[in-house]
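Heads up, the thing below is written out as structure tokens.
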Amino acid sequence: MAYASLGSFMATLTTLFAKSLVNLLSVSLFDHDNQFTNALSWAILLVTVFTAASQVYWINQGLLRYDALLQVPVFYVIWTVFDIIGGGIYFNEFRAFTTVKYVLFVLGVAVVFSGVGLLANRLKNH
């Protein structure tokens, strides 16, 4: 699960940095305000490329060693959870959450992880 987790973490970083990169490109192209005149914009571009390549590397390392029926679902579940949490923090989406929404969010995540756990257990028993 470590390979799937590392791939998921890199995928989450790719998603966050790609969102920032798209914003930079949109302003540069459509508002005619070049955002690539400073080092931070170029760093965002480089980090996006690096994390995208790292994501593929770690997924492939996991697939070389373990069954795809385990690696792929674990990767997507962890990636989804990291994306939700990362996006919620980065874009301040949790600000409007009520107690009920937090409880339902945690319940939903638990259901998804339970399903992956059952899948992993089924694979282990075969």
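General remarks:
- Subset of the stretch 10-34 [touching a helix residue (DSSP H, G or I) at 6+ places or on another chain (Cβ under 6 Å) and part of a helix (DSSP H, G or I)]: M10, A11, T12, L13, T14, T15, L16, F17, A18, S20, L21, L24
- T37 falls short on exactly one of the conditions (1) open to solvent by 40 Å² or more (accessible area, probe 1.4 Å); (2) in a helix (DSSP H, G or I); (3) not charged (D, E, K, R), and that condition is (2).
- Residue selected from the stretch 47-81 under the condition buried (at least 19 other Cβ atoms within 10 Å of the Cβ) and aromatic (F, W, Y), by the criterion nearest to the chain's Cα centre (by Cα): W79
- So I89, is it of a type outside the set (F, W, Y) and under 14 Å from the mean Cα position of the chain (by Cα): yes
- Evaluating A11 against the criteria (1) open to solvent by less than 40 Å² (accessible area, probe 1.4 Å); (2) more than 15 Å from the chain's Cα centre (by Cα) leaves one unmet condition, (2).
- Residues satisfying the stated conditions in the stretch 97-111, i.e. open to solvent by less than 70 Å² (accessible area, probe 1.4 Å) and assigned to a helix (DSSP H, G or I): F105, G108, V109, A110
- Residue list for the stretch 66-91, restricted to those being at pLDDT 85 or above and assigned to a loop (DSSP other than H, G, I, E, B): Y66
- The set of residues from the stretch 36-59 being among the polar types (S, T, N, Q) and closer than 18 Å to T12 by Cβ comprises T48, T51, S54, Q55.
- Scanning the stretch 85-101 for residues that are closer than 12 Å to S8 by Cβ and without any contact (Cβ under 8 Å) to a residue 40 or more places away in the chain gives a single hit, I85.
- Within the stretch 14-34, considering residues that are open to solvent by 50 Å² or more (accessible area, probe 1.4 Å) and of a type in the set (S, T, N, Q), the one nearest to F82 (Cα to Cα): T15
The values are calculated or read from the model by the stated rules, or taken from the named source; none is laboratory data. What you see is a predicted model, and the numbers here were worked out from it, not measured in a lab. Positions of Cβ are backbone-derived with ideal geometry, glycine not excepted, and every protein chain shown enters the neighbour counts. All accessible areas refer to the heavy atoms of the entire protein, side chains included, with ligands and DNA or RNA removed. Shrake-Rupley method; radii C 1.70, N 1.55, O 1.52, S 1.80 Å.
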